[in-house]
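Only the coordinates and a few stated rules stand behind these numbers; no lab work does. Here the structure is a predicted model, which is why all the values come from computation and not from measurement. Positions of Cβ are generated from backbone atoms using ideal geometry, with glycine treated the same way; all protein chains shown enter the neighbour counts.
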Amino acid sequence: MTAFLSPDPAVLDPAPLDPAPLDPVAALERMMLIRAYEETLIDLHGRGRAAGTCTAVGQEAPAVGVVSALTADDLILTNHRSAGHLLARGADPGRMLAEVMGKRDGYCGGKSGSLHISAKELGVVLTSTIVGGELALATGVGLSRTMLKQPGIVACFFGDGAACEGRFHESLNLAAVWNLPILYVCENNQWQAFVHRQETMAADGIAGQAAALGVASAVVDGNDPLAVHDAARTAIAAIRRTAKPFLLEAKTYRLRGHFEPDDQSYVDKAELVHWRGRDPIPRLRDRLERDGRLTAADAARIEARVRATMEAATAFADASPYPGADALTTDVYA
Amino acid sequence: MTTMTVNDAISAALAEEMRRDPTVLIFGEGVATKRRDLLEEFGAARVRNTPLAEGIIAGTAAGAAATGLRPVIDLLFAPFLCYAMDEIVNSAGKLRYLSGGQFQFPMVVLAMTGAGWGVGAQHNHNNESWFVHSPGLKIVMPSTPADFKGLMKTAIRDDNPVLVFADIALGYTPGEVPEDAEAIPLGKAALRREGTDVTLVSYAKTVGTCLQAADALAADGIDAEVIDLRSLKPLDEAAILRSVAKTGRLVVVHEASRLCGVGAEVAALVAEKAFASLRAPVLRLTGPDAPAPASFPLEQAFVPQPDAVVAAVQSLMLDVVAA
């Protein structure tokens with residue numbers, strides 16, 4: 001279910017959607033790959049082979065739903081929970097794991113780790129671990145799209161925590177004033193590091209702030225990739241038609257702690273149980289099985305494929321060498 | 001030769017580079033209001049006013065730089081850079097490295113600072129050394145209109161983020177600028193006065209202070225050499241060491257406060273690499289560890305003056321290290 005809030009009624013007009021609608025089985029497989037990737041990371045960390053990491057377990061739907069609505073020309077800026085966005089964009093899980101393990105074959109040669117992965121070949125300009133950093137740079141990427149007459153739009157993923165930063169206001173305000181083609185995607189996962197959103201915000205959500213800044217917005221069930229995808233396509237069509245930014249708020253939930261390992265002792269158990277019941281992966285899988293679009297054998301084949309992909313990725317990352325000491329001071333300056 | 005002020009030299013450099021390269025644009029607080037000539041020539045898309053929000057101005061520049069533009073941003077006053085520290089230091093300065101060289105950040109940050117306008121410490125804070133200490137950034141702080149023009153041109157062409165600090169007191173100072181001024185390389189100091197007895201190293205408005213002191217010292221028969229660093233990172237180490245090897249004495253003069261300032265770096269450099277040349281201790285004349293006051297006499301007292309430089313040099317001439 002998608003509720004649109006807009007300061008500009010024209011944005012509500014139906015628009016041709018592009019690209020094609022999301023194949024739900026493909027969406028399920030991509031979400032399962034993202035989940036398996038993050039579980040692999042947690043496992044590798046538990047065995048002392050990778051640094052601790054921030055996961056987005058439970059938030060796979062906005063990643064798959066939004067990224068699948070982008071075209072090859074579009075650019076992505078994201079935050080410290082970026083694995084889903086990268087994998088949804090087609091990143092090689094082996095190169096991502098290599099990056100997290102500090103290896104030479106990682107997307108950034110091992111200098112990023114998990115917290116700053118960018119991948120120019122995929123149009124991923126930035127993973128910002130400074131909360132709100134992606135909001136600060138997104139306007140510039142939108143400006144370059146406009147000034148250089150590039151066809152792409154900018155997708156900027158941030159959380160409810162970043163929405164409490166001043167940069168959220170600054171970024172949306174400037175994007176609205178300068179007519180920048182930016183899809184702001186707030187993955188409202190209810191948690192801001194170790195603090196629940198209800199402790200830090202009087203408002204019930206983020207999207208309500210957009211209208212005051214002259215930005216159209218919508219709220220979508222962030223645990224349903226198909227709903228997210230439809231909302232993102234509609235939002236992107238509005239951006240292309242109006243040349244104005246759009247804020248899409250996906251209501252979702254971070255099922256694991258802030259930074260692995262994390263015992264989640266601070267999490268309300270009833271709330272966690274409630275959201276586990278809305279886990280986007282079993283939810284979509286059950287729906288597809290009910291609708292007769294996925295058999296148990298299909299699901300087993302997908303699971304096997306995902307497992308094989310992660311085994312190959314882990315082997316690739318393991319085999320990749322560490323960077324040489326000479327890399328310490330390369331790429332500081334052009 | 002044309003005579004122009006520092007402010008006009010900055011605009012002239014911008015105009016030339018914007019003509020040369022269509023990806024160069026400038027935005028900031030009042031840019032389109034104040035630089036009308038640029039607005040008229042290049043239009044509202046390339047000369048933009050912005051909200052009074054330094055963080056998003058700098059972030060927008062970094063994002064634009066990473067994806068094909070060469071933005072110049074005017075953040076007005078150096079203390080305002082505090083609102084943009086994250087974007088300048090954490091993003092523009094670090095993301096080339098963190099991306100393994102995938103992205104580059106060709107952008108220029110303009111900011112004014114220094115005594116001379118009585119604006120007090122939230123508009124006047126010579127914080128250039130903070131940025132010298134931050135990896136991935138280059139910093140220039142010129143002293144003449146010709147250098148402002150030449151270094152601005154180089155800064156715009158450079159593929160790294162470059163901060164250009166403009167001394168408020170120099171803004172309306174006229175100077176000769178060659179018609180066909182070429183870009184001046186970053187990291188090259190200018191020898192403003194040759195001398196054999198003592199090296200005075202400075203940058204920005206205190207270069208003039210050192211030149212006045214050198215004239216006074218000449219009347220006493222002391223021959224001072226004056227080096228204008230112009231560029232604080234990269235730092236022209238060779239020019240400093242070459243001069244100290246000749247004179248054996250060094251006084252570093254700047255308006256920024258002493259602790260961990262550029263003078264500390266210059267002194268340490270000489271201690272490490274030219275210790276045997278020194279015939280006297282290295283001295284630093286700097287602003288105090290205090291916010292810059294608004295009151296005119298206090299503001300002037302904040303800045304090293306020529307008589308203090310003269311006195312420091314005279315003390316060094318007496319303080320001969322035993323052979």
ask   = Whole-Hz Karplus ³J(HN,Hα) for segment B:224-236, in order, using 6.51 cos²θ - 1.76 cosθ + 1.60 and θ = phi - 60°, x for Gly and Pro?
value = 9, 9, 10, 10, 9, 4, 6, 10, 8, 8, x, 9, 7
query = Helix B:206-219 versus the longest principal axis of chain B: what angle, 0 to 90°, nearest 10, using Cα atoms?
reply = 20 degrees
note = Along the dipole axis of the protein assembly as shown (charges at Cβ: +1 for Lys and Arg, -1 for Asp and Glu; origin at the Cα centre), the most positive-end residue among A:Pro151, B:Leu81, B:Pro178 is A:Pro151
note = Comparing A:Arg290, A:Arg49, A:Arg254 in a Gaussian network model of chain A (Cα, 10 Å), the one with the largest mean-square fluctuation is A:Arg290
message = Using Cα springs under 10 Å in a Gaussian network model of chain A, which residue among A:Asp105, A:Asp74, A:Asp263 shows the largest mean-square fluctuation?
response = A:Asp263
key: Estimated dipole of chain A in Debye, rounded to 20 [Cβ of Lys and Arg +1, of Asp and Glu -1, Cα centre]   = 340 debye
inquiry  = Explain nothing, just the number: dipole magnitude of segment A:225-334 about its Cα centre with +1 on each Lys and Arg Cβ and -1 on each Asp and Glu Cβ, in debye rounded to the nearest 20.
reply    = 820 debye
message = Skipping prolines and chain starts, which residues have an amide H placed within reach, meaning under 5 Å, of the one on B:Arg284, given they are 5 or more residues away or on another chain?
response = B:Val252
note = The answer for B:Ile227, listing residues at least 5 apart or on another chain whose modeled amide H is closer than 5 Å to its amide H, is B:Arg192, B:Leu200, B:Val201, B:Ser202
remark   = A correct Stokes-Einstein calculation for chain A, using the alpha-carbon Kirkwood radius, 25 °C and 0.890 mPa s, returns a whole-number D in µm² s⁻¹ of 122 µm²/s
ask   = In whole angstrom, how far apart do the alpha carbon centroids of segment B:2-21 and segment A:74-135 sit?
value = 39 Å
inquiry  = If you average 1/r across every pair of different Cα atoms in segment B:2-177 and take the reciprocal, what Kirkwood value do you get, in Å?
reply    = 15.9 Å
ask   = Once you charge only the Cβ atoms, +1 for Lys and Arg and -1 for Asp and Glu, what is the size of the charge dipole of the protein assembly as shown about its Cα centre, to the nearest 20 debye?
value = 900 debye
task = Rounded to whole Hz and in sequence order, give me ³J(HN,Hα) for segment B:118-128 from the Karplus expression 6.51 cos²θ - 1.76 cosθ + 1.60, θ = phi - 60°, writing x for Gly and Pro.
result = x, 8, x, 6, 8, 10, 10, 8, 7, 9, 4
ask   = Over segment B:128-172, one equal point on each Cα, no solvent: what is log10 I(q)/I(0) by the Debye formula at q = 0.19, 0.20, 0.21 Å⁻¹?
value = -0.59, -0.65, -0.70
message = List the pairs from B:Lys94/B:Lys153; A:Lys120/B:Lys149; A:Lys120/A:Lys269; A:Lys149/B:Lys138 whose alpha-carbon separation is above 32 Å, in the order I gave them.
response = A:Lys120/B:Lys149; A:Lys120/A:Lys269
request  = Identify which of B:Pro51, B:Pro281, B:Pro185 has the largest mean-square fluctuation in a Gaussian network model of chain B, with springs joining Cα atoms closer than 10 Å.
outcome  = B:Pro51
ask   = What is the diffusion coefficient of segment A:190-237 in µm²/s, taking the Kirkwood radius over Cα pairs and the Stokes-Einstein relation at 37 °C with a viscosity of 0.692 mPa s?
value = 262 µm²/s
Cα-based helix-to-principal-axis angle, B:306-318 vs chain B, degrees rounded to 10 = 40 degrees
ask   = In vacuo Debye scattering of segment B:25-77, one point per C-alpha: log10 I(q)/I(0) at q = 0.13, 0.26, 0.28 Å⁻¹?
value = -0.27, -0.99, -1.09
ask   = Once you treat every alpha carbon in the protein assembly as shown as an equal point and sum by Debye, what is log10 I(q)/I(0) at q = 0.08, 0.09, 0.10 Å⁻¹?
value = -0.66, -0.80, -0.93
task = Could you tell me what percent of the DSSP beta bridges with both partners in the protein assembly as shown are antiparallel, to the nearest 5?
result = 20 percent
query = Is it possible to state the helix-based mean residue ellipticity at 222 nm for the protein assembly as shown, with each DSSP H run of 4+ residues giving -39500 (n - 2.57), the sum divided by total residues, to the nearest 500 deg cm²/dmol? What is it?
reply = -12000 deg cm²/dmol
ask   = Karplus couplings for segment A:50-61 from phi (6.51 cos²θ - 1.76 cosθ + 1.60, θ = phi - 60°), rounded to Hz, Gly and Pro as x?
value = 8, 5, x, 8, 9, 9, 10, 4, x, 10, 5, 5
note = Helix B:262-273: inclination vs chain B longest Cα principal axis, degrees, rounded to 10, gives 60 degrees
